[in-house]
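To keep things clear, I will list the structure first and then write my remarks on it.
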Amino acid sequence: MANFLSTNSRTRRVGVGVGVLALALGAGVLGAGAASAGTESAGNYTFTRTVDNANPEVGDVITYTTLAQNSGSIGSIDAFTESHDACLTFVPGSAKVTKLHILGGTTTTVETPTLTPTTLTVSGRGWLNNYDNDVTMTTSYTVSESCAPGAVLNSGLSIRALGFGWLGGPGDRTFANIGPSVTVLDSEPTDSTDPEGGETGSLGSATGSLGSMDGGTGSLGSVSGIFGSN
């Protein structure tokens, strides 16, 4: 049984690694708006954070996903705390955790987080996190008008988990710059196709057309001369 579980764990980890690699390649190919990822490890735990839009505009909603995995047979998550730029506004009801319940299997529940202007904390009573059970948290934020165009919004993660503390008890680990990185796009028009500028050009063309009409009168006069000569 031990060998089977070990093989299963390795197989699942390889699959996850391929998925993260595919995500990174996709970001390089798609460019603006593509997902982005950041990963850190501590002991048997691996934490991967992704964002569904790495290049949002002001007013967009972005969603972070935090995935906790453990290659060992024993582990649990007590709390996630994510730090973010103050210009991001939490979307109420968007904090959700997917984890194993003793009754009901793996389910997703809406959590009530503890909020400050730059942090969000979701706590539980020890969500089982081992080679066969991942824990996932998702949170969404609105990119407010106070997010400067071109600004790079970094994010961090703190975790309270079994095995991080003294004698293996619950304790904290903090990854201040785990990411993923988000860059706010400039949504203002910057080229010569500005609507007002285009309208002014159109009026100029119309004036030129009227001038051509005067020229047409001259042409008619020339025609009269031709008839007169006959």
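Coordinate-derived values only; no laboratory data. Everything numeric in this text was worked out from a predicted model, so none of it was measured. For neighbour counting, all protein chains shown are included, and Cβ atoms are generated from backbone atoms with ideal geometry for every residue, glycine included.
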Under the 0.36 nm per residue contour assumption, what length would be gained going from the current alpha-carbon distance of residue 103 and residue 116 to full extension? 1.4 nm
So, in nm, how far is label residue 86 from label residue 73 when the simple model puts each one 7 Å beyond its Cα toward the Cβ? 4.9 nm
Residue separation between residue 154 and residue 39 times 0.36 nm, minus their alpha-carbon distance, gives in nm 40.1 nm
FRET efficiency, 1/(1 + (r/R0)^6) with R0 22 Å, evaluated for residue 176 and residue 57 via beta carbons: 0.25
